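The structure under discussion appears below in the form of structure tokens.
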Amino acid sequence: MAHIPADGSEKDGAGRPGVNPVSGRRETEEERADRRWGDLLQELRVAQTGVQILFGFLLAVVFQPRFAELSATDRTIYVVTVMLGSGTAAALIGPVSYHRLLTGRRMKPQTVTWASRMTKLGLGLLFCTMCSALLLIMRVALHNAVALWLVGAMALWFLACWFGFPLWALVRGDGREPGREDRNTRDEDGPGPS
């Protein structure tokens, strides 16, 4: 009879990891945490690059001669955008610090969980930063209400790409293996408690 530890993975008679009924993978809790951490690092590399470029652009704007000509509303939008960009950078760089401070303390599964939460928060802040930056640019470029419509349309596109399509795939059951129950297809990375 297989032994089922608290992490949900089964062990075969020789003590080797069995197939985890939740993820469908043959891995221990530590192996799963290592895999999830590697996946998260790859995702963070993409997001951090975009944030660094955007934030660098935002920091340079204030030193441009034309900045003095901005209206009070545009300056307020700029300040909000810079603060959102700062929060985004903190949230997306935070997992690295979290991991570094907890390395060697046998807390990798918890580290991955919290780093994943920080990354989700960072993506939400990145969405807000992108929309705010677009609003500032469109207001300066167009000087009319079309700017709001363009930013609104782009915000919907961001929401569709970042959240809508993945949720649609989840609802449709894409990636589900034949014969597996829906409750067994969710990996530990999935939409769990925040």
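Laboratory data are not the source of any read-out in this text; all were calculated from the coordinates shown. Only a predicted model underlies this, so the values are computations on that prediction, with no experimental measurement involved. We place every Cβ from the backbone using ideal geometry, glycine too, and count neighbours over all the protein chains shown.
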> What residues have an amide H closer than 5 Å to that of Arg26, excluding those fewer than 5 places away on the same chain, when H is modeled at 1.01 Å from N in the peptide plane?
Replying inline: Asn20
> Is the shape of the stretch 110-173 rounded, prolate or oblate, going by the alpha carbon gyration tensor and its root eigenvalues a ≥ b ≥ c, with a/c under 1.5 for rounded and a/b larger than b/c for prolate?
Replying inline: oblate
>> Under a crude label model (7 Å from the Cα following the beta-carbon direction), how far is Trp114 from Leu101 in nanometres?
In response: 0.7 nm
> Along the positive direction of the dipole of the stretch 18-152 (beta-carbon charges: Lys, Arg +1; Asp, Glu -1; about the Cα centre), which of Ala68, Ile53, Val140 reaches farthest?
Replying inline: Ile53
> Does the stretch 48-99 classify as rounded, prolate or oblate by the C-alpha gyration tensor (a ≥ b ≥ c root eigenvalues; a/c under 1.5 gives rounded; else a/b over b/c gives prolate, otherwise oblate)?
Replying inline: prolate
>> If each residue of separation counts as 0.36 nm, what is the full-extension length gain between Ala47 and His143 once their alpha-carbon separation is subtracted?
In response: 31.5 nm
